[in-house]
Amino acid sequence: MDAQSWDQLSATYFDQISSPFEQEVVNPLLAFLDSLPGRENLTAADLGCGIGNLLPFLAERFRKVVAVDFSSGMLRQARSRCAAENVVFYRRSLANLVHFRGQLDVAVAVNSVLSPKLSEVDQILNEIAATLKPGGTFAGIFPSMESVLYEGMLILEKERGEAQSEEEARKRVSKLIGPRHYDFISGLYTEGEDQQKFYYSFELRMRLQAAGFKNIQLGKVLYPWSEKHSWFDFSGQPRMWDWFVRASVGRKPD
Ligand SMILES: C[S@@+](CC[C@H](N)C(=O)[O-])C[C@H]1O[C@@H](n2cnc3c(N)ncnc32)[C@H](O)[C@@H]1O
């Protein structure tokens, strides 16, 4: 999606977007950021800040906060949500963060590296790594392709219980999660004109390594079973997830 498409979503964000900042989501990002040593002296950036869900939290904990997004509609909402004096807003594409090169102690990107072009994904990850000071920390949330496959498997099991045959069950599933929607090799979800990138864990690790990140650790953001986050309510089963990533660049100078 381009900046104009995000502009259109900015006024009704929570109605349309499945967000890790919604209630009932188990999101390890906040505790991780809260626990960073000496954070009150650090500069943190929210890269692809959207309507500013994370900004008040960052503003209370970090010395300086840089909020970046390429959508002016999103930035307008973000400014109205967070008037803290230590937050500075920039309209920039994540594909060019030269302005912040080597300036940040902490870079956060929550479901904002979504470009369907793999070359742009790689470029953005390179740009994010380059914004960090030596020893700097990256914390990100990325849509999970494995979670999509997991949900597909649960749906197939459900349909098997209801259909006359396995063939019929498979047909019903591919109507829902068919090749029209997902490209399972490149991890792309297509809906009308819009395409969004999802990530396999092995792919995410590989791309982050290639961008220069070290100490890469993956965890999960867990979503509740609800109409908004899933096709069916599979309460009682393990939940669907986004990837929560922690990583660093280089070593802190002694
Ligand atoms: C799903 S929203 C997430 C917003 C916010 N991080 C949150 O979790 O509430 C994705 C955001 O990333 C921004 N975005 C996507 N691609 C971008 C790019 N290449 N450069 C700058 N911002 C981008 C969009 O404008 C949108 O505000």
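Mind listing whichever residues of region 57-98 are open to solvent by 40 Å² or more (accessible area, probe 1.4 Å), assigned to a helix (DSSP H, G or I) and away from the ligand (no atom under 12 Å from the Cβ)?
Of everything in region 57-98, those that are open to solvent by 40 Å² or more (accessible area, probe 1.4 Å), assigned to a helix (DSSP H, G or I) and away from the ligand (no atom under 12 Å from the Cβ) turn out to be Glu60, Arg61, Arg79, Ser80, Val98.
State the number of residues belonging to region 210-219 that are open to solvent by 80 Å² or more (accessible area, probe 1.4 Å) and touching a residue at least 40 places away in the same chain (Cβ under 8 Å).
1
I'd like the full set of residues that are of a type outside the set (Phe, Trp, Tyr), farther than 23 Å from Gln77 by Cβ and part of a helix (DSSP H, G or I), limited to region 19-49.
Once the filter is applied, which keeps residues that are of a type outside the set (Phe, Trp, Tyr), farther than 23 Å from Gln77 by Cβ and part of a helix (DSSP H, G or I), region 19-49 yields Ala31, Asp34, Arg39, Glu40, Asn41.
Out of all the residues in region 132-152, is one or more part of a helix (DSSP H, G or I), of a type in the set (Val, Ile, Thr), at pLDDT 95 or above and surrounded by 22 or more Cβ atoms within 10 Å (Cβ to Cβ)?
For region 132-152, residues part of a helix (DSSP H, G or I), of a type in the set (Val, Ile, Thr), at pLDDT 95 or above and surrounded by 22 or more Cβ atoms within 10 Å (Cβ to Cβ): absent.
In this structure, does Asp194 turn out to be open to solvent by less than 40 Å² (accessible area, probe 1.4 Å) and either under 17 Å from the mean Cα position of the chain (by Cα) or over 20 Å from Asp122 (Cβ atoms) (or both)?
no
Is it true that Arg101 is out of contact with any Phe, Trp or Tyr (no Cβ under 8 Å at 6 or more places or on another chain), over 25 Å from Trp241 (Cβ atoms) and away from the ligand (no atom under 13 Å from the Cβ)? Let's see the steps before the verdict.
Values: out of contact with any Phe, Trp or Tyr (no Cβ under 8 Å at 6 or more places or on another chain): yes; over 25 Å from Trp241 (Cβ atoms): yes; away from the ligand (no atom under 13 Å from the Cβ): yes.
Yes; evaluated as a whole, the condition is true for this residue.
Looking at this structure, is Gln164 open to solvent by 30 Å² or more (accessible area, probe 1.4 Å) and either within 19 Å of Ser112 (Cα to Cα) or in a strand (DSSP E or B) (or both)?
Here the answer is no, as Gln164 does not meet what is asked.
The values are calculated or read from the model by the stated rules, or taken from the named source; none is laboratory data. Note that the coordinates shown come from a computational prediction; the quantities given were computed from them, not determined experimentally. A quick note on method: Cβ atoms are made from the backbone with ideal geometry, for glycine too, and the neighbour counts reach across all protein chains shown. These area figures cover heavy atoms from the full protein model, side chains too; ligands, DNA and RNA do not enter into them. Shrake-Rupley method; radii C 1.70, N 1.55, O 1.52, S 1.80 Å.
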